[in-house]
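The values are calculated or read from the model by the stated rules, or taken from the named source; none is laboratory data. As the structure is a prediction and not an experimental result, all values here were calculated from the model. We place every Cβ from the backbone using ideal geometry, glycine too, and count neighbours over all the protein chains shown. We work out accessible area using only protein heavy atoms, side chains counted, and drop any ligands, DNA or RNA first. Shrake-Rupley method; radii C 1.70, N 1.55, O 1.52, S 1.80 Å.
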Amino acid sequence: MTQVLEFSRLVDRTLSALADVLGSDGAALMLIDDHDRLRAVAGSDEQGRRLELIQEQIGAGPAIETLTRGADVTVDDLRAARPFGFPGVAARVSDVRAVLSVPLRAEERLIGILNFYDRTSHEWQPAKVRTGERLGELMVMVLQTMAHRTPLPGKP
């Protein structure tokens with residue numbers, strides 16, 4: 001149990017730091033489980049954790065779209081009608097408007113999604129998207145380092 005708490009705290013702090021570097025309001029993480037489904041793991045704040053849980057529960061949202069495409073997804077306003085937004089997610093996460101979802105890969109395999117989000121709608125500029133991608137690479141390194149030191153939650 002202590003290892004799970006340490007994992008959770010370290011991931012939450014890392015997500016907060018990544019959000020600060022990007023200049024976003026927050027960041028959240030979903031990882032692919034043994035059945036190839038995205039699972040909510042952590043968030044820099046309650047809004048991030050809620051964003052991930054909602055996407056996991058309803059099977060839709062920027063992270064699910066990123067998993068399907070295997071590429072970045074930018075949403076300027078979550079409340080916009082499809083295909084530009086995700087009104088079903090927005091209805092349940094009212095404080096999140098703009099989302100940048102970045103696929104996380106380890107050894108060429110998709111392992112999860114890193115979501116950055118803001119409380120106001122806006123267009124994601126290409127430079128910010130590239131920075132988000134690089135921060136995703138950093139998140140993968142953190143996860144790999146943690147995996148070598150301690151088992152991930154749910155893993156022996």
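Consider THR66 against the criteria (1) part of a helix (DSSP H, G or I); (2) in contact (Cβ under 8 Å) with a residue 60 or more places away in the chain; (3) polar (S, T, N, Q): it satisfies all of them except one. Which criterion is unmet?
Tallying (1) part of a helix (DSSP H, G or I); (2) in contact (Cβ under 8 Å) with a residue 60 or more places away in the chain; (3) polar (S, T, N, Q), THR66 fails exactly one: (2).
Starting from segment 14-28, take each residue that is more than 11 Å from LEU114 (Cβ to Cβ) and at pLDDT 95 or above and list its partners that are aliphatic (A, V, I, L, M) and open to solvent by less than 40 Å² (accessible area, probe 1.4 Å), counting only C-beta distances under 6 angstrom and pairs at least six apart or across chains.
GLY26/ALA19
May I ask you to verify whether ARG69 is open to solvent by 50 Å² or more (accessible area, probe 1.4 Å), under 26 Å from ALA147 (Cβ atoms) and either within 11 Å of the chain's Cα centre (by Cα) or of a type in the set (Lys, Arg) (or both)?
Answer is yes for this residue.
Just the residues that are charged (D, E, K, R) and open to solvent by 40 Å² or more (accessible area, probe 1.4 Å), please, taken from segment 34-58.
ASP34, ASP36, ARG37, ARG39, GLU46, ARG49, ARG50, GLU56
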